[in-house]
Amino acid sequence: MDDTSHGRNTVVGASCLASTDGERSRKNPRESRVDRISELPDLVLVHILSFLPMDAAIRTGVLSKRFAYKWASTPNLVFDQDSEWEIDDFITFVNRALLLHNPNCKVQKFTIYMDCMDQVIENSLQEDCVTLWLRFATRKGVEKLNLGFNDEEDPLQLWESRYDSYRYLLPQFIFRHSSFRKLATRFCNFVTYGVVSWAWLKSLSIGYAELNEETIRNILMGSPALECLEFHRCHGFARINICSESLKKLSILEPWAPNDAEGETVLEVSAPNIRSLELSGNWEKMCRLLDMSSLVNAKLDIQMMHQDRNFQYFSEDYSNMLREILKQLSHVENLTVGTWCLEVLSVLEMKSMPSPLSKHRYLILNTLPKKWDLPGIASLLKSSPDLEKLHIDVNPLNVLKFWEYQVFNNYYKYGDDHGESFWESEEKSFKCLLQNLKIIKIVGFDPGYCNIQFAIAFIEFLLKNAQVLEKMVINVRKVKRQTSYAAQELPVVQKLLSFTRASPRAAVLFSK
């Protein structure tokens, strides 16, 4: 293919055109204008270019002679193949750019994002190019590496076993590069044959990968300074055991359980020294928390999924799992809970199985309060007598179709019109409302949402019963609607302001 046929793919040579364009610009009637950008020092120009993807940074070479090859000294190299790049053209572009990069300049950040993952892995020559790029980055002393592969199809189809072979195997020299501060991978497999030497690594994110427990153990042993660790859609292990005293935050997002994987139905986690834990996304594995004694912050926003669509959604196993997790998190000061967990708690509450007593001082609810949430919310409030701050993220996306599951309706004892009747039927002796709850914040409140009456009823209940409340802040969601929306919003605001307040010091504030 002739390079001249694709302007974007020949931008490496664009700076060669700088002098020609400069002669043309002298004929431009705007020549009297001062070019203040070109007057900036070289260090400043390079710093500005370091924030651009490489194709955009290289194209600045046509602006003036000052910009010619200035990109070649940038310490941040970001190569992102999008839909406009053919795989061969993208590889040629990266090869040329790296060849022309200033040999005396260190690389601080190196990013490669590639589509057509299957094509790269099936073509050994293309895979070798990726390895050579990584070799270039490590020889340049790279500190931050982002390496990601996508497929042209939806990444969620990773669940299919055919993706097992479509991952890039990290070369062994990566594990010996001791200058890493931050490393993030996607669709890369980790296999360690020797010692891992990541002495300065602070943050590690592994996505869409297969790695075993021994590899995880080797990584932790070879990363004595590691503070943040994230697993996103990973599989191959049934236990995470972290004894590191440096690791502060652990995130486990959507762990994958392949159909043919034995012993991966339950994920056990033991991390006695971490301070923050996040469990989020769609889970196909059960979760069992062991020693989490140092936890201060925890986010529990999972939704259990099962490959068998006839599987009982509210099985006893799931309910018991959630109760055990909450017991292990009962000592944390700050807890975030998502929609699925709230609605399972609702079922447990209606079966006279309350939430475990906790010491939470700050509670975040990621849900739009609605019929299936209310008993679960009440259960958490009852079990959190020390609660001082309540934060509700009213996101319409946090809605599950629980009406499709007969088990919920079998237990639910309130009518469809229970927006007000539920809270009226509740006991008013929530200890946190009587003694400790001082601040309430509601984010994303949308007066025009069809089920907003449940949130309004909850707000009224809180104002009527929070006796030491000092401030309720309601952040109204910005929406692009007709002008009639303002007329719809005003009555709701007026209604909220008219509610009785148990605390004489309570202020209700609105923001956008």
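By other beta-carbon atoms within 10 Å, ranking Glu333, Glu245, Glu489 with the fewest at the front produces Glu245, Glu333, Glu489. Amide H contacts for Met304 (H built 1.01 Å from N in the peptide plane; partners 5 or more residues away or on another chain; cut-off under 5 Å): Trp283. Listing Phe51, Phe454 from fewest to most neighbouring C-beta atoms within 10 Å gives Phe51, Phe454.
If you plug the beta carbon distance of Ala56 and Ser421 into 1/(1 + (r/R0)^6) with R0 = 45 Å, you get a FRET efficiency near 0.15. Annotation: extensible slack from Gln488 through Lys351 equals 45.4 nm (criterion: 0.36 nm per residue apart, minus Cα-Cα distance). Backbone amide hydrogens, once placed in the peptide plane, bring Ser197 within less than 5 Å of Arg176, His177, excluding anything fewer than 5 places away on its chain. Let me check I've understood the local charge: for Ile439, count other residues with C-beta under 12 angstrom from its C-beta, Lys and Arg +1, Asp and Glu -1. What total comes out? Spelling it out: positives minus negatives among the neighbours equals +4. Stretching the chain fully between Arg477 and Glu316 yields a gain of 54.2 nm (0.36 nm per residue, less the alpha carbon separation). Computed extension gain for Asn150 through Gln453, at 0.36 nm per residue and net of the alpha carbon distance, reaches 104.9 nm. Reported to the nearest whole Å, the Cα centre-to-centre distance from the range 487-506 to the range 162-221 is 54. Using the Cβ-Cβ distance between Leu290 and Glu245 with R0 = 22 Å, the FRET efficiency computed as 1/(1 + (r/R0)^6) comes to roughly 0.80.
When Tyr318, Tyr113 are sorted by how many other C-beta atoms sit within 10 angstrom of their C-beta, beginning with the fewest, the order is Tyr113, Tyr318. Summarising the amide proton neighbourhood of Ser503: residues at separation of 5 or more, or on other chains, whose placed amide H is nearer than 5 Å comprise Leu469. The modelled label-to-label distance for the pair Asp386/Asn104, using points 7 Å beyond Cα in the direction of Cβ, is 6.0 nm. Taking label points 7 Å from Cα along the Cα-to-Cβ direction, Val468 and Asn212 give a separation of 5.5 nm.
Computed from the coordinates by the stated procedures, all read-outs in this text should not be read as laboratory data. Source: prediction; values computed, not measured. Note that each Cβ is placed from the backbone with ideal geometry, even for glycine, and that neighbours are counted across all protein chains shown.
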